[in-house]
1. Put +1 on the Cβ of each Lys and Arg and -1 on the Cβ of each Asp and Glu in the chain; which of GLN113, SER4, ALA29 then has its Cα farthest toward the positive end of the dipole?
2. Relative to the longest principal axis of the C-alpha atoms of the chain, give the angle of the C-alpha long axis of helix 26-50, reported between 0 and 90° and rounded to the nearest 10°.
3. Could you state the number of Å between the C-alpha centres of the range 65-124 and the range 24-44?
4. What angle do you read, to the nearest 10 degrees and between 0 and 90, between the alpha-carbon axis of helix 84-97 and the longest principal axis of the chain?
5. Can you tell me the orientation of helix 57-73 relative to the chain, as the angle in degrees between its alpha-carbon axis and the longest Cα principal axis, to the nearest 10?
6. For the chain, what % of the accessible area comes from carbon and sulfur atoms, probe 1.4 Å?
7. Once you have a ≥ b ≥ c as the square roots of the Cα gyration tensor eigenvalues for the range 79-124, tell me rounded if a/c is under 1.5, and otherwise prolate or oblate according to whether a/b is larger than b/c.
8. What stretch of the chain, leaving out the sites themselves, is the longest with no trypsin sites (Lys or Arg not before Pro) in a DSSP loop having at most 14 other Cβ atoms within 10 Å?
Amino acid sequence: MTNSELDLCQYLLRIPCNSEFSSLNVGAAVQVVAYEFFQAATAEARAAASLSDPASGEEMESFFRHLRQTLFDIGFFHATKSGPSLMRRLRRLFHRARLEKKEVHMLRGILSQMQIRLERLNAE
């Protein structure tokens, strides 16, 4: 997969392998992952039930665009170096948090207030 395709993934996984045989064919990888999904099914169902209203993929993507723009606006990212690896880490961090819709709205509100404050400071 390309980095662009990987950026759209909400979860990435790594199957630990013998260093002498560092890759698996697709069939073997699917078998290992399916087994692990089966083993984790009940724990995953309990965790998912604890989320009252999980954020959708589009809501998360919209948040990530807003976050990236705000990081540029405040000078954390620079035009010459946009920080793609840092953005990937931030995406993984927020995906692990399994944000609810209200949490995404709260974070976007914080980002919006940062942008408004920055605009006011720049206008002075």
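The values are calculated or read from the model by the stated rules, or taken from the named source; none is laboratory data. Computed from a prediction, not measured in an experiment: that's the story for all the values here. No Cβ is skipped: glycine too gets one built from the backbone with ideal geometry, and neighbour counts run over all protein chains shown. These accessible areas exclude ligands, DNA and RNA; they are computed on the full protein's heavy atoms, side chains included. Shrake-Rupley method; radii C 1.70, N 1.55, O 1.52, S 1.80 Å.
1. GLN113
2. The angle comes out near 60 degrees.
3. Here the answer is 34 Å between Cα centres.
4. 70
5. That works out to roughly 50 degrees.
6. Reported share for carbon and sulfur atoms: 58 percent.
7. oblate
8. Answer - 15-97.
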